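K.L.:
Structure incoming, see below.
What follows is calculated from the coordinates using simple rules that are stated; it is not laboratory data. Given the structure is predicted, the values throughout are model-derived calculations rather than measurements. Please note: Cβ atoms are built from the backbone with ideal geometry, for glycine as well, and neighbour counts cover all protein chains shown.
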Amino acid sequence: MLISNINFREGENSMKFSKKLAIAAIPAVMAMSAPQNVNSKLLLMSQEGWEVSFDGAANAFYTHNAAGAFDDATDTNLEQDSIQANSSFTREGDYGVNEEGEDSSNIQVGLLPNVWGMTLKAPTTGGLDMQARIGFYTHIQGGSTASAWNSNGLINNRETNFSVSGDFGTVLMGRTLRLYQQTAILNDQTLFGVGTFAGDSADTTLGRIGAGYLYANFGSQILWTTPGLGPIGLKVSINTPEEPDGDDTNFETSSPAVQFIADVSYDLGPLGTYVWFDGHYQYANFTTTGGNTYQDSNGRDNNGAASTSERTAKDGVEVGGIGTGIKLNYANLSFVGAGFFNSGMGMTLGYTGGFDNALNPINYGGYYAQLNVDLGGGTNVGYSWGQNERYGNKQTRAERIALVAPVIAQEHHNAMVWHNVNDNFRLIAEGGYTETRYFQAGSADATTLSLGAFFFW
């Protein structure tokens with residue numbers, strides 16, 4: 001689901017950042033978690049200042065997912081203005097859970113797809129450094145486990161961009177990983193694992209996406225990284241706007257989305273500290289067509305024919321979120337804590353389920369905590385826990401129409417052991433427990449066990 005050409009500053013202890021890998025995709029992220037510097041980018045050509053390099057990674061996991069029985073307990077203490085305990089409501093949007101009591105096994109990629117990336121660097125001219133990058137992402141599973149002959153592993157072009165660097169910093173233009181929630185996911189141990197199961201036919205697993213942070217997602221943008229400010233870093237981007245709640249009929253998105261990351265690195269004696277803040281903001285107008293008349297959240301007619309909503313065509317909506325986190329390194333220990341809050345951006349994939357029936361944004365939040373221990377010799381162990389939840393438990397328009405009980409919380413526990421055989425090869429063993437809770441419709445849980453490996457170049 002991710003990986004990007006992120007610039008990382010140099011640090012100490014187990015997190016050693018290699019500036020040499022700032023333009024590499026997988027190796028750059030690998031450098032964040034490996035106990036040694038990773039110099040596994042293949043230089044294909046170097047002539048008269050021009051360089052072409054190739055990088056990437058391949059991974060595969062055996063996964064076994066065991067789904068427990070649904071807990072149908074009804075919670076009548078939660079406030080809700082549009083859904084009542086009703087046996088006709090169904091559960092959808094199961095997070096990391098198969099059908100009730102169903103076990104499944106698969107051989108698949110984990111959270112990361114397989115990545116094949118290429119970077120072209122031009123000679124420095126007029127004080128400017130220029131480069132371009134393209135990255136292709138694919139998986140190993142077909143569209144369905146029932147289709148043994150199906151080998152349609154999709155190729156997704158998630159990175160295609162160029163950048164110019166000088167005294168003004170760096171300006172990147174094109175498609176790359178967005179800034180909001182980026183740092184939280186790149187510091188998560190499930191980045192190189194499976195984490196939460198996403199179904200037999202999914203392109204990747206979910207890692208901790210939806211149970212600690214939102215998916216940052218890739219998108220078209222203009223991104224400015226400030227020149228060196230000592231321990232302080234700042235990135236700001238303007239992005240192609242997204243339709244709130246995926247609704248291109250009722251919203252106009254004439255204004256771009258703005259995102260940022262501000263961070264600082266410093267040492268307190270033997271304690272290495274890294275703190276970050278990130279944010280997202282977008283404004284959208286309602287259309288002037290008839291599509292913006294809606295029943296309020298208490299209405300039973302969900303086709304928009306009648307209007308008792310306070311919303312009018314002249315109104316607009318603000319969609320935004322903030323996030324923060326800290327990473328501490330001391331000797332062989334590494335701790336990460338991160339959290340976020342958003343309005344209208346959803347719980348898992350961003351802009352999904354962000355608005356109720358009256359087109360009011362729904363609030364969401366989440367957090368995770370993680371502790372990793374370097375045992376030496378390339379072996380590490382880690383444990384993390386986190387969850388996302390919906391505040392107010394209001395029902396989205398799509399849920400109301402389909403009589404679906406809203407997901408109000410997603411929780412994931414993750415334990416992992418990994419061993420770096422060398423700079424290019426990693427073995428992983430992992431166990432995860434996931435619970436999805438629904439408003440007045442009980443909960444569902446699942447346990448996922450996985451064994452896998454990564455090859456980096």
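K.L.:
Summing +1 for each Lys or Arg and -1 for each Asp or Glu, what net charge is found among the other residues whose Cβ lies under 13 Å from the Cβ of PHE162?
P.N.:
+1
K.L.:
In addition: Taking the mean number of other Cβ atoms within 10 Å as a proxy for protection, how do you rank 378-391, 182-195, 224-237 from highest to lowest?
P.N.:
182-195, 378-391, 224-237
K.L.:
By count of other Cβ within 10 Å, fewest leading, how are HIS139, HIS280, HIS419 ordered?
P.N.:
Starting with the residue having the fewest Cβ neighbours, the order is HIS419, HIS139, HIS280.
K.L.:
Neighbour counts of other C-beta atoms within 10 Å: give me ARG437, ARG178 arranged from fewest to most.
P.N.:
Going from sparsest to densest Cβ surroundings: ARG437, ARG178.
K.L.:
Let me ask something else about it. Give me the one-decimal nm value for the distance between modelled label points at LEU44 and LEU349, 7 Å along each residue's Cα-to-Cβ direction.
P.N.:
3.2
K.L.:
Follow-up. Peptides 444-456, 206-218: what's the order by average Cβ count within 10 Å, highest mean first?
P.N.:
Those peptides, ordered most packed to least, come out 206-218, 444-456.
K.L.:
Which order do MET416, MET130, MET45, MET345 fall in if you start with the one that has the fewest other Cβ atoms within 10 Å?
P.N.:
Starting with the residue having the fewest Cβ neighbours, the order is MET45, MET130, MET416, MET345.
K.L.:
Right, something else. Just report the Cα centroid separation between region 182-225 and region 347-419, whole Å.
P.N.:
Taking the Cα centre of each part, region 182-225 and region 347-419 sit 11 Å apart.
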